[in-house]
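Step one of this worksheet: look at the structure below.
The values are calculated or read from the model by the stated rules, or taken from the named source; none is laboratory data. Quantities reported herein were computed from a predicted structural model and do not represent experimental measurements. Here the Cβ positions follow ideal geometry from the backbone for every residue, glycine too, while neighbour counts run over all protein chains shown. Calculation scope for accessible area: heavy atoms of the full protein, side chains included, ligands and nucleic acids excluded. Shrake-Rupley method; radii C 1.70, N 1.55, O 1.52, S 1.80 Å.
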Amino acid sequence: MKMLENVTEYITPKDVAKQLKIAPETLRKYANLVDKINGENFFTRDNNNSRMYSKKDITLLKRVIELKKKRRYNARKSYL
């Protein structure tokens, strides 16, 4: 049996939200932000127009979360 090369596995928003330990609504908010910055749909969508996330997408979203936490920390620190 021949193995397929360069096949991207996609993960549902529900599973990504669980993996990132955030609410699905928060995931949607972050995805909308990335789409807005990109100027178009950044994430792959299925036939129902739902976003589907690859491992690279999840890495990007982890970075968004990390930056948000860092920003929040810096904002709190500046008030002291």
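Miscellaneous remarks
- Consider the range 47-77 and keep the residues that are over 17 Å from Pro13 (Cβ atoms) and among the basic types (Lys, Arg). The one that is least open to solvent (accessible area, probe 1.4 Å) is Lys68.
- The range 26-46, residues that are closer than 11 Å to Asp57 by Cβ, open to solvent by less than 70 Å² (accessible area, probe 1.4 Å) and not polar (S, T, N, Q): Leu27, Tyr30, Ala31, Val34, Phe43
- Among residues of the range 51-80 that are farther than 14 Å from Thr26 by Cβ, those with a beta-carbon under 8 Å from a residue that is surrounded by fewer than 10 Cβ atoms within 10 Å (Cβ to Cβ) and modelled with pLDDT under 95 at least six positions away or on a different chain give the pairs Ser54/Glu9; Lys55/Glu9.
- Scan of the range 3-18 for residues that are open to solvent by less than 90 Å² (accessible area, probe 1.4 Å), over 17 Å from Glu66 (Cα atoms) and of a type in the set (A, V, I, L, M), ordered by number: Ile11
- Filter result for Lys21 (open to solvent by 100 Å² or more (accessible area, probe 1.4 Å), over 24 Å from Asn6 (Cβ atoms) and not acidic (Asp, Glu)): yes
- Odd one out for Val16, checked against (1) in a loop (DSSP other than H, G, I, E, B); (2) modelled with pLDDT of 95 or more: (1)
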